[in-house]
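The values are calculated or read from the model by the stated rules, or taken from the named source; none is laboratory data. Remember, it's a predicted structure, so these values are computed and weren't measured experimentally. Cβ placement follows ideal geometry from the backbone for every residue including glycine, while neighbour counts extend to all protein chains displayed. These area figures cover heavy atoms from the full protein model, side chains too; ligands, DNA and RNA do not enter into them. Shrake-Rupley method; radii C 1.70, N 1.55, O 1.52, S 1.80 Å.
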Amino acid sequence: MAVLVVGSMALLAGAPLADARSPLVGQLNAAATRYHEDPARLDTLRERLEQAVRDDPDAANFTALSRVCFIWGDVRARSDEDKLAAYERGREAGRRAVELEPTAFLGHLWYAINTARWGQTKGVVRSLFLLPTVREEIRVLLELAPDAPAVYALAGNVDLEVPGPLGGDIDRAEAEFRKGLQLDPNFTGIRVGLAKVLVRKGRLPEARRELQAVLDEKDPSNAADWTIKDVPDARRLLESLRER
């Protein structure tokens with residue numbers, strides 16, 4: 001069991017863009033969906049955003065730093081230690097963004113996402129204390145932007161992976177994923193999450209259809225996440241289903 005799993009969902013796809021008051025924020029917005037073309041670009045952006053929050057510690061810069069830390073941890077980190085450090089820095093930056101702009105959706109989003117990913121990487125026993133924080137952030141996010149697909153991706157994965165006695169709910173996870181897909185049918189990370197729910201429920205033909213739809217997607221909301229995360233995950237899961 002992986003508590004607070006974000007999984008391979010393309011959380012970037014459904015999120016509105018940050019306020020590009022800094023040129024770096026605009027550059028990150030562009031790179032977030034194209035990082036598969038030049039992954040090393042993330043190293044430079046991360047370093048420059050660290051400098052940006054020292055020079056101009058506003059909410060937009062902290063939000064962008066939180067975002068790039070999450071992407072960097074997923075894509076560029078080569079060890080669990082590096083991942084944990086990246087997600088922890090992302091948590092800190094997201095928390096600071098929320099403090100500066102308490103009603104800004106993106107600050108809450110990246111704070112929640114980094115917190116969830118840190119918990120997944122750290123492990124079950126040592127991450128259970130983070131669940132109330134993630135739940136509260138989901139509640140806030142739904143109040144701020146009830147039509148943002150990324151929130152339903154996050155909520156669905158939490159309900160999928162957290163055990164029932166601790167508040168997880170497989171039926172609610174399915175409803176959350178389906179709501180996210182209703183809002184953005186090209187959000188392939190959500191479709192992978194829905195397939196995992198269907199596998200858990202024993203609805204294997206439906207799961208296979210969802211996974212094949214990921215592989216056949218012609219216009220993914222986030223081309224980078226589709227290429228680097230969602231297609232490999234869909235292929236692995238499909239392969240495992242061939243044995244069932």
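Applied to the range 24-37, the Karplus parametrisation 6.51 cos²θ - 1.76 cosθ + 1.60 on θ = phi - 60° returns per-residue 3J(HN,Hα) values of 5, 5, x, 5, 5, 4, 6, 6, 4, 10, 10, 5, 5, 6 Hz, with x for Gly and Pro.
3J(HN,Hα) along the range 53-69, derived from phi through the Karplus expression 6.51 cos²θ - 1.76 cosθ + 1.60 where θ = phi - 60°, amounts to 6, 6, 7, 9, x, 9, 5, 4, 5, 5, 5, 5, 5, 4, 5, 5, 5 Hz, with x in place of Gly and Pro. Surface analysis of the chain yields an accessible area of 42 Å² per residue, using protein heavy atoms and a 1.4 Å probe.
Can you give me the angle between helix 170-183 and the longest principal axis of the chain, using Cα atoms only, in degrees from 0 to 90, rounded to the nearest 10? The two axes meet at around 60 degrees. The loop-placed trypsin sites (Lys or Arg not before Pro) in the range 41-89, going by DSSP, that have at most 13 neighbouring Cβ atoms within 10 Å of their Cβ come out as 78.
Each residue of the range 205-212 is assigned a 3J(HN,Hα), and the resulting list reads x, 5, 4, 4, 5, 5, 5, 5 Hz, derived from the Karplus form 6.51 cos²θ - 1.76 cosθ + 1.60 (θ = phi - 60°), x at Gly and Pro. Here the range 141-197 and the range 55-132 have alpha carbon centers that stand 19 Å from each other. Here the range 109-244 is treated as an ellipsoid with the same Cα gyration tensor; its semi-axes, largest first and in whole Å, are 24, 18, 14. Close amide H partners of residue 203, meaning residues 5 or more places away or on another chain with modelled amide H under 5 Å apart, do not exist here. Taking 7 Å along the Cα-to-C-beta vector as the label spot, tell me the residue 84-residue 200 distance in nanometres, rounded to one decimal. A separation of 2.6 nm, rounded to one decimal place.
Compute for the chain: radius of gyration divided by Kirkwood radius, i.e. Rg/Rh, restricted to C-alpha atoms, rounded to two decimals. Could you put the intermediate results ahead of the total?
Values: Rg = 16.9 Å, Rh = 17.7 Å.
With Rg and the Kirkwood Rh in hand, the quotient comes to 0.95.
Per residue, the chain reaches -21000 deg cm²/dmol at 222 nm when only DSSP H runs of four or more residues are counted, each adding -39500 (n - 2.57).
With all protein chains in place and a 1.4 Å probe, the accessible surface of the range 29-181 carries 51 percent carbon and sulfur.
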